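The values are calculated or read from the model by the stated rules, or taken from the named source; none is laboratory data. Keep in mind it's a predicted model, so treat the numbers as computed, not measured. Reconstructed Cβ throughout: ideal geometry from the backbone, glycine too, with neighbour counts over all protein chains shown. Accessible surface areas use protein heavy atoms only, side chains included; no ligands, DNA or RNA. Shrake-Rupley method; radii C 1.70, N 1.55, O 1.52, S 1.80 Å.
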Amino acid sequence: MAQDREAWQEFARLQRQYRTEQGLSQERLADKVAYSESAVGHVERLMRKPTEHYTREIEKALGLNGQLMELVPLIHGTMGPKWFREWPRVEALAHTIRTWEPMLIPGLLPELAQFSAHLQRCGSA
């Protein structure tokens, strides 16, 4: 937990440093990417975690070569329970996603309604 917070803080510090070194305000940086000024500010103030897409756009606008992107997996690496952590990467690469609901039985509710009606007609309910 502490490692992802430290990586996030480092990301925000580096983004601010690279932005100011190029003489850009948050507003001017936002104009160069597909994000709002508030989104840029939220990342720098640790109010919003940077996504991969956001980071790619920021790096392109600032002329960087992976300095920020290398921190993204550390920032998001410990999301959710241990068994779930690999799935966002798997889903990002997936062509098709299929789901299975073991507790859902198609047609069960109409059958229950018919069964309930039958019980009421028999006077057992």
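Going through the range 1-85, which trypsin sites (Lys or Arg not before Pro) have at most 13 other Cβ atoms within 10 Å and a DSSP loop state?
Details: sites: R5, R13, R16, R19, R28, K32, R45, R48, R56, K60, K82, R85; in loops: R45, R48, R85.
Sparse-neighbourhood loop trypsin sites (Lys or Arg not before Pro): R45, R85.
Mind checking which lysines have their C-alpha under 24 Å from K60, skipping anything on the same chain fewer than 8 residues away?
List returned: K32, K49.
Are there chymotrypsin sites (Phe, Trp or Tyr not before Pro) in the range 15-106 that DSSP puts in a loop and that have at most 12 other Cβ atoms within 10 Å, and which ones? Display every interim value, and only then the final one.
On the way: sites: Y18, Y35, Y54, W83, F84, W100; in loops: Y35, W100.
Filter output for the range 15-106: W100.
Which one of L71, H118, A39 has its Cα pushed farthest toward the positive end of the charge dipole of the chain, where Lys and Arg give +1 and Asp and Glu give -1 at the Cβ?
H118
What ranking of H76, H118 comes out by heavy-atom accessible area, probe 1.4 Å, highest first?
Numbers: H76 50, H118 85 Å².
Largest accessible area first, the residues go H118, H76.
Of the GluC sites (Glu not before Pro) in the range 65-95, which ones lie in a loop per DSSP and count no more than 11 other C-beta atoms within 10 Å? Provide the component values of the computation, followed by the final result.
Values: sites: E70, E86, E91; in loops: E86.
Taking the range 65-95 and a limit of 11 other Cβ atoms within 10 Å, the loop GluC sites (Glu not before Pro) found are E86.
Using the Cα centre of the chain as the reference point, and only Cβ charges (+1 on K/R, -1 on D/E), how large is the resulting charge dipole? Debye, rounded to the nearest 20.
On the way: 16 positive and 16 negative charges, 30 e Å.
Magnitude of the dipole: close to 140 debye.
Accessible area per residue for the chain in Å², computed with a 1.4 Å probe and the full protein assembly in place, what is it? Intermediate results must be reported in sequence, preceding the final value.
Values: 9230 Å² over 125 residues.
Normalised by residue count, the accessible surface of the chain is 74 Å².
Under the rule of -39500 (n - 2.57) per DSSP H run of 4 or more residues, summed and divided by the residues of the chain, what mean residue ellipticity at 222 nm is obtained, to the nearest 500 deg cm²/dmol? Numbers along the way, then the final one.
Numbers: 7 runs with 73 residues, N = 125.
Estimated from H runs of four or more residues: -17500 deg cm²/dmol.
With every protein chain present, what accessible area does L46 have (1.4 Å probe, heavy atoms only), rounded to the nearest 10 Å²?
40
How much net charge surrounds Q15 when only the other residues with a Cβ under 10 Å from the Cβ of Q15 are counted, with Lys and Arg +1 and Asp and Glu -1? Numbers along the way, then the final one.
Values: positive: R13, R16, R19; negative: E10, E44, E59.
With Lys, Arg at +1 and Asp, Glu at -1, the neighbours total 0.
Over the Cα atoms of the range 1-88, what is the Rg over Rh ratio if Rh follows Kirkwood? Let's see the in-between values first.
Values: Rg = 13.1 Å, Rh = 13.3 Å.
A ratio of 0.99.
Relative contact order for the chain: what is it in percent, counting Cα pairs under 8 Å that are at least 6 residues apart?
Working: 79 pairs, mean separation 30.8, N = 125.
Relative contact order comes out at 25 percent.
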